[in-house]
1. Quick check on my filter: what residues within the range 70-89 are within 19 Å of ASP127 (Cα to Cα) and either of a type in the set (Lys, Arg) or open to solvent by less than 50 Å² (accessible area, probe 1.4 Å) (or both)?
2. Pairs only if they're at least six apart or on different chains, beta carbon under 8 angstrom, first in the range 83-108 and farther than 18 Å from LEU149 by Cβ, second among the acidic types (Asp, Glu) and open to solvent by 20 Å² or more (accessible area, probe 1.4 Å); list them, first residue then second.
3. Which ranges mark the helices (runs of 4 or more DSSP H) fully within the range 98-155 that have 1 or more residues being over 20 Å from the mean Cα position of the chain (by Cα)?
4. Any residue in the range 35-59 that is free of Cβ contacts under 8 Å to residues at least 40 places away in the same chain and outside any loop (DSSP other than H, G, I, E, B) sitting within a Cβ distance under 8 Å of a residue that is of a type in the set (Gly, Ala, Ser) and open to solvent by less than 30 Å² (accessible area, probe 1.4 Å)? List the pairs, counting only those 6 or more apart or interchain.
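The values are calculated or read from the model by the stated rules, or taken from the named source; none is laboratory data. None of these values were measured; they are calculated from a predicted model. Quick reminder, even Gly has a Cβ in these numbers, built from the backbone with ideal geometry, and neighbours come from all protein chains shown. Please note that ligands, DNA and RNA were not included when accessible areas were found on the heavy atoms of the full protein model with its side chains. Shrake-Rupley method; radii C 1.70, N 1.55, O 1.52, S 1.80 Å.
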Amino acid sequence: LTHYIHLVYNDGFFHALSRVFGPTLSPVHGAFLPGWAVEGIAVNAETMFTSGGRGRSPYFEIYYRALTLEDSMFPLSRAGYDSYKPPQGREYIAGYLIIDYLISHYGEAAYYRIHDDFVRHPFAGLDPAVKKVTGKTLHQIYQAVLTELRRRFAPAASIPAGTLESPRNNGEFYLPHPTSRGMYVYH
């Protein structure tokens, strides 16, 4: 339902053309949206309007948590499509994170205002609409999302030091193993 409402939008350039050429032209603006914008609004809606949703799922969070802790989050240029290589579901991850950030920092109507401006000028892409509503480029918004994630997951970024049990040189060290002829130690 979210995709239908989002893509069959009764306003904008293609909606105006659909009055002449038929209703199937109204959702064409969706072809000019990156995948994260299409899927992110759905992931956000399922989280906001249900008691579940991927936005509340620790399993979903582990994807962007791991990417953040490994400092290997994909760039915005790769957030709009999926890949057969990990991480899969990039458009869902980035979409949820970006839209959640927009709502958290610019209010619940922020994405609506962005989308409303976008459908009027779909050939310009999403970035001008984001800039108009937020005062920041899409790239700046994505960088702010990544900065917040680094801050949020910083306590988990390092493993506690512990006690060194083996010498500080190269080699393989194993625990002693008792045998019938005595202890077997391998180094």
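1. The initial filter retains those residues of the range 70-89 that are within 19 Å of ASP127 (Cα to Cα), namely 74-81.
PHE74, LEU76, ARG78, ALA79, GLY80 - these are the residues of the range 70-89 that are within 19 Å of ASP127 (Cα to Cα) and either of a type in the set (Lys, Arg) or open to solvent by less than 50 Å² (accessible area, probe 1.4 Å) (or both).
2. Pairs that qualify, where the first residue is farther than 18 Å from LEU149 by Cβ and the partner is among the acidic types (Asp, Glu) and open to solvent by 20 Å² or more (accessible area, probe 1.4 Å), are GLN88/ASP82.
3. Where helices (runs of 4 or more DSSP H) fall fully within the range 98-155 and carry at least 1 residues being over 20 Å from the mean Cα position of the chain (by Cα), they are 110-120, 127-134.
4. Taking only residues 6 or more apart or on different chains, the pairs are MET48/GLY55.
Condition check ((1) among the acidic types (Asp, Glu); (2) within 23 Å of PHE49 (Cβ to Cβ)) across all residues:
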{"residue": "ARG78", "(1), (2)": "no, no"}
{"residue": "GLN88", "(1), (2)": "no, no"}
{"residue": "LEU102", "(1), (2)": "no, yes"}
{"residue": "ALA109", "(1), (2)": "no, yes"}
{"residue": "TYR112", "(1), (2)": "no, yes"}
{"residue": "PRO122", "(1), (2)": "no, no"}
{"residue": "GLU148", "(1), (2)": "yes, no"}
{"residue": "PRO155", "(1), (2)": "no, no"}
